[in-house]
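The values are calculated or read from the model by the stated rules, or taken from the named source; none is laboratory data. Just so it is clear, the model here is predicted, and its values are computed rather than measured. We place every Cβ from the backbone using ideal geometry, glycine too, and count neighbours over all the protein chains shown. Ligands, DNA and RNA are excluded from the accessible area calculation, which covers all protein heavy atoms including side chains. Shrake-Rupley method; radii C 1.70, N 1.55, O 1.52, S 1.80 Å.
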Amino acid sequence: MSEKSKAVAEAPVEIPANAGLRTAPLGFVVKGIEGVKNAIFPMIAVLFATGSTDYRILIAVGVGAAIVLLTGFFSWLSWTRLRYYVGEEDIRVESGILSREARSVPFERIQDVSLEQKLIPRLLSLTQIKFETGAGGKDELSLEYVTNAEGARLREVVRERREGVVAKAPTDLVTDAIDDEAAPLAEDAEPIFQMDDRRVFTFGMFEFSLVIFAVLAGAAQQFEFLLPFDIWEWENWAGAAGKQTELVDGLSSLGAVGQILGVILALGSVAVIGVFTGMIRTFAREYEFRLDRTAKGFRRQRGLFTKTDVVMPAHRVQAARIQTGAIRRRFGWHSLKFISLAQDNGSSNHAVAPFAKMDEIWPIAAEAEILPPGTDLQWLRPSPKKWVDGGVLLAVILFLVAIGWSIAGFLKIALAIVVIGFPLIALGFWLAWKRHRFARDAGQLFVREGLLSPDLTIAPRVRLQSVEIKHGPLSRWRGYCELHLGLAGGTLSIDGIALDDAEKLRGEVLESIVSVDFSALPK
């Protein structure tokens, strides 16, 4: 991209009074590239469908060019018919070629504004702006693509209008928005958390993923006509395996030992592929991860191919969730997520420190006024009755299965089910109960669960929205229940708690909630 084109893309938008605005014309380049991507499969299909025709390459190229031209034409037509308006109380988008659609979202409903840049728009200094309403789906509003300066301006305008600040002149808003984008780097010499390439790669080693097999299966289903046999027939795979190299024959000659070695090699290959795939996915998602604390809140930037820039106001953080895995916890690695009103890729959990040590996590949580549990905090376990009832119910089902096998004449299988199954059920439910604990102090509620992969949720009482006691006939008879604590960005529950303890805790939480005038809190 030339310097002149880049300067035009970054130039502030002139805003006539009460006039509708268009998205950036350079968005046509992005749509054109998307048209090329959409034309690849039809071109391949035409290439093989025309057989040995002398002009099959020209026909395929012609089909691809037609798709690209049609995509570009309809993109241009949609662009000419799209306008967005920034009013005093809402933002409105009008679109549609034959039938017109006007969507309006009041500023007070917008929870957050995020900027997202995929690879091609990023190279063209364009961004997609998303207005998060917290509802998800159809209620979300987005614009693609606008210049970086316009995206920053719109984000600042929404915040100013939502907070009830006196409206500024359009040129002032552009200047303030651009300054705001650079503010974290100027105000904070160092971010409160960031990950270099080495840490991101280390993170990827723990993110085991087999998504590559799903991709290959999907590609094979699309292009199965190019394969020498039907991939969905097991006999074909068995026949292909019987024709393999001397290594397979050598393993087969070793009998049971060779079969075991073959299984180990196969599992090792899958493990290597899973680790490698996880590293690639993690590096692409978390590249140049940076978290800054600004006057507006927490600003998170990350991504290699798709760069996201999300700002989450600190006062909208409802709770903090600290998680780890069975292996990574042995090395002291954890993740910190904030539960918030706004959505982050369809989830209310915002990753603010996805791979960090505990001494890095607590200072970040403190910025959201969430404190670690004290050393003198009294942890309580819920009543074991729920886990006892669940274990007994599963044991009865397993016993009935064993009776069925014994009636069918398979007494050894029935005996194995009883001898192996019952101890495993008892051990599993005992471990599940043992790692489910809760505690509270003067201002916060703590819930910890999980044995191999511990999960700690910390919620300030004043930010809880509701308290619900739920129990069925069996739990009511046995004297325990589930305590559901409503968060604006999710739910938090304590399972198996004694009914008396649940009622007492509900009273304490409600007392904390009613002590705060929520109408006086920042919006």
Quiz prompt | In the stretch 282-305, the residues that are in contact (Cβ under 8 Å) with a residue 60 or more places away in the chain and under 14 Å from the mean Cα position of the chain (by Cα) | solution = Thr282, Glu286, Gly303
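Output the helices (runs of 4 or more DSSP H) that fall wholly within the stretch 369-488 and possess 1 or more residues being surrounded by 12 or more Cβ atoms within 10 Å (Cβ to Cβ), within 29 Å of the chain's Cα centre (by Cα) and touching a residue at least 12 places away in the same chain (Cβ under 8 Å), or say none.
It comes to 411-434.
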Quiz item: Does Gln128 qualify as being closer than 16 Å to Leu21 by Cα and at pLDDT 80 or above?
Solution: yes
Practice problem: Tally the residues that are surrounded by fewer than 19 Cβ atoms within 10 Å (Cβ to Cβ), part of a helix (DSSP H, G or I) and of a type in the set (A, V, I, L, M), restricting the search to the stretch 489-505. | Solution: 1
Self-check item: Elements of type strands (runs of 3 or more DSSP E) in the stretch 68-131, at least 2 residues being touching a helix residue (DSSP H, G or I) at 6+ places or on another chain (Cβ under 8 Å)
Solution: 90-95, 112-117
Quiz prompt | Identity of the residue in the stretch 322-368, open to solvent by less than 40 Å² (accessible area, probe 1.4 Å) and in contact with an Asp or Glu (Cβ under 7 Å, 6 or more places away or on another chain), that ends up modelled with the lowest pLDDT | solution = Ala342
Quiz item: Among the residues of the stretch 132-154, which ones are at pLDDT below 85 and open to solvent by less than 50 Å² (accessible area, probe 1.4 Å)?
Solution: Glu132, Thr133, Gly134, Gly136, Glu140, Leu141
Quiz item: Pick from Glu101, Glu116, Glu88, Glu94: which is touching a residue at least 40 places away in the same chain (Cβ under 8 Å), loosely packed, with under 13 Cβ neighbours inside 10 Å and of a type in the set (Asp, Glu)?
Solution: Glu88
